[in-house]
Every structure is written in C-alpha cells, then in structure tokens.
1. On a 0 to 90 degree scale, rounded to 10, what angle separates helix 23-58 from the longest Cα axis of the chain?
2. Tell me the volume per residue, in Å³, of the convex hull enclosing the alpha carbons of the range 121-169.
3. Can you give the three extents of the C-alpha atoms in the range 81-169 along their principal axes, from longest to shortest, in whole Å?
4. Extension gain residue 142-residue 76, at 0.36 nm per residue separation less the Cα-Cα distance, in nm?
5. I need the calculated FRET efficiency for the pair residue 66 and residue 33, taking r as the beta carbon distance and R₀ as 30 Å, to the nearest 0.05.
6. Going highest first, how would you order 109-120, 90-101 by mean Cβ packing within 10 Å?
7. Rounded, prolate or oblate for the chain? Axes are the square roots of the Cα gyration tensor eigenvalues, ordered a ≥ b ≥ c, and the cut-off for rounded is a/c under 1.5.
8. For residue 59 and residue 19, what is the calculated FRET efficiency with R₀ set at 41 Å and r taken between the beta-carbons, to the nearest 0.05?
C-alpha cells in the first residue's frame, strides 16, 4: 500500500511517540519499502498486543511468561542516551530514546505497552464503544463509565447519530 509508511510516521508523531524532527531522517534511512514493512510489523505488534490485553484484562494474575518474553525482546531493541537539558529549575539530566532504526521504533511502541501492563489497573482498560473504532483507552474517570476513546470524536459522532435518529421519529 503506497503511502502506508508515511501515514504510520504521521500517526507516531500525532501520538507523541516520535518527534517530528526524527521522521524525515528515519524515512530516508528506511526508504518507502522499509517504512511500509515497519508499518506492517507495527500492525502485527498491535494485533498481538490486542489479543494479550484482552486476556490480561479478564485474568490479570494468569501466567504470561511467553508474552513477557516477547515483549522483552521488543524492549531490548531500545537505544537510550542521556542529555543535559535546561529547565525552569536549572540544568537536569534527561534520558532520551534514540530512534534510528525500525527496531527502535518498535521498541518505543513496546515501551508503551510495557507501561500499560505494569502501571495500570487491567479492570480500567476499555475498548471504544464508537462504531468502527478500534482504539482502546484507560478509563480514569471517577465513576469508570467512560464509553468513548475521545469525547470530541467518537463521543460526538454518537451524539450526532442519536440526535439524527430522534429527528427522524
């Protein structure tokens, strides 16, 4: 699929997983076919994670040794370095992630998954109720009754659809 790699990089930037300044260099390094292959690998990781997260959400205390081994293999691809940055409080040592290869991009995605399973309550993991939406979210609302990944997109679409349905009647 032509442009699939570009769309994937645009998503990485929008999701704030990769800074915009890194994408042109990485796109040049990978080339169009490499970027498309990376997007395909990311989709495979997403589907693997979706299956695992469904099981983890329903049975968080089960043995997930194989899944952890797979996730750790992705995490081992990450390349980090430290950099001194200037902040409002003065100088600070910051850890940055190097993103020069496809493996390092997949490691960034795996790190997000690792943060989810180590820091969040599995009972709060929800899939969006929006028709056709495949996104998941962590429901941190007080009553834990959130339905949509985003009130401004999926939630608004549902409200508009309900309004139009009421107008038909």
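1. The angle comes out near 50 degrees.
2. On the way: hull volume 4.1 nm³, N = 49.
Convex hull volume per residue, Cα atoms: 83 Å³.
3. 63, 34, 26
4. Numbers: separation 66, 0.36 × 66 = 23.76 nm, distance 3.62 nm.
Computed gain between residue 142 and residue 76 is 20.1 nm.
5. Details: r = 31 Å, r/R0 = 1.03.
It comes out at approximately 0.45.
6. Values: 109-120: 14.4, 90-101: 12.0.
So the peptides 109-120, 90-101, ranked by packing, come out 109-120, 90-101.
7. On the way: a/c = 1.59, a/b = 1.41, b/c = 1.12.
Here the chain falls in the prolate category.
8. Values: r = 37 Å, r/R0 = 0.90.
Result of the calculation: an efficiency of 0.65.
Each value in this text was obtained by applying a stated rule to the coordinates, not by laboratory testing. Quantities reported herein were computed from a predicted structural model and do not represent experimental measurements. Neighbour counts run over all protein chains shown; Cβ positions are idealised from the backbone, glycine included.
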